[in-house]
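Notes follow once the structure below has been shown.
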Amino acid sequence: MSFPVSIAFRRNLTAAVLAFLGFALAGCGYNNVPTLEEKAKASWSEVQNQYQRRADLIPNLVETVKGYAAQEREVLTQVVEARAKASQVKVDASTITDPAKFKEYQDAQNQLTGALGRLLVTVERYPDLKSNQNFLALQSQLEGTENRVTVARRDYIQAVQAFNTEIRTFPGVIWAKLFWGSKPMETFAATAGAERPPTVKF
């Protein structure tokens, strides 16, 4: 009679100890590091999503402008080349801890942003193009995408800030070093000249 009680008691005790350890680990931040890391990676995926959406709009925009302003070949070429370069530089979630790769990606995207800005300034010289419905629709989509890029980058920066703070502060630093081997993630820096407002011409 005492034998079954002893086995039941041991099982209950083991279950209680495991439950206690689970709650203790969860309560002391063991799961925070991978949770925040996954959130930052998901945010990074959204940044890439929006940059890809922008890259997909550019060929149609270039073709529309070319139909009206073929003589602006230099600006159109700059946009096409910047798009190609930005599309070639890949930074996935596993390499956002590499400052050199991240900078290369950001620089390529900044070049594309600059080339697009020059293209849209060029368009100002062509009233017929500015009133073209196809161009207006593409411009509107591009503006919407730029807004989405800004939001996605902001969300990514916040997610990385939370992750980097967790792996540098107690107790997260212990879990990051001993169990996860986590490294700080890179975040976006302001583009050179971003402190000056853009010139708007109508």
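The values are calculated or read from the model by the stated rules, or taken from the named source; none is laboratory data. For clarity, every value in this text was computed on a predicted model and none was experimentally measured. Counting neighbours? That spans all protein chains shown, and the Cβs are built from the backbone with ideal geometry, glycine included. Note: areas computed on protein heavy atoms with side chains; ligands, DNA, RNA excluded. Shrake-Rupley method; radii C 1.70, N 1.55, O 1.52, S 1.80 Å.
Taking a 1.4 Å probe, which of LEU142, LEU136, LEU178 shows the most accessible area, and what order do the others take after it? It would help to have the intermediate numbers written out before the result.
Values: LEU142 10, LEU136 65, LEU178 130 Å².
These residues rank, largest area first, as LEU178, LEU136, LEU142.
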| note | Kirkwood radius from Cα pairs of the range 55-202 plugged into Stokes-Einstein at 25 °C, 0.890 mPa s, gives D in µm²/s equal to 139
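For the range 44-202, what is the charge dipole size about the Cα centre, in debye to the nearest 20, if Lys and Arg each add +1 at the Cβ and Asp and Glu each add -1 at the Cβ?
Values: 20 positive and 18 negative charges, 33 e Å.
Dipole size: approximately 160 debye.
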| message | For the range 26-120, what are Rg and Dmax over the alpha carbons, in angstrom? | response | 17.7, 65
| remark: Cβ-Cβ cut-off under 15 Å around ARG168, Lys and Arg +1, Asp and Glu -1: the net charge is -1
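At a 10 angstrom cut-off on C-beta neighbours, averaged per residue, how do the peptides 120-133, 56-69 rank from highest to lowest?
Highest to lowest by the protection proxy: 56-69, 120-133.
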| said: Please compute the modelled spin-label separation between ARG168 and ALA137, points set 7 Å along Cα→Cβ, answer in nm with one decimal. | reply: 4.7
| field | Charge tally in the Cβ shell below 13 Å around SER94, where Lys, Arg are +1 and Asp, Glu are -1, SER94 excluded | value | -1
| said: Student exercise: in the range 31-114, how many lysine pairs 8 or more apart or on different chains have Cα atoms under 22 Å apart? | reply: 11
| What net charge do the residues around VAL62 carry, taking every other residue with its C-beta under 13 Å from that of VAL62, with Lys and Arg at +1 and Asp and Glu at -1? | 0
| Considering only protein heavy atoms, what is the solvent-accessible area of PHE163 at a probe of 1.4 Å, reported in Å² to the nearest 10? | 0
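Enter the accessible area per residue of the range 44-202 (Å², integer; probe 1.4 Å; all protein chains in place).
Working: 9310 Å² over 159 residues.
Dividing the accessible area of the range 44-202 by its residue count gives 59 Å².
Rounded to the nearest percent, how much of the accessible area of the range 110-171 (1.4 Å probe, protein heavy atoms only) is carbon and sulfur?
52
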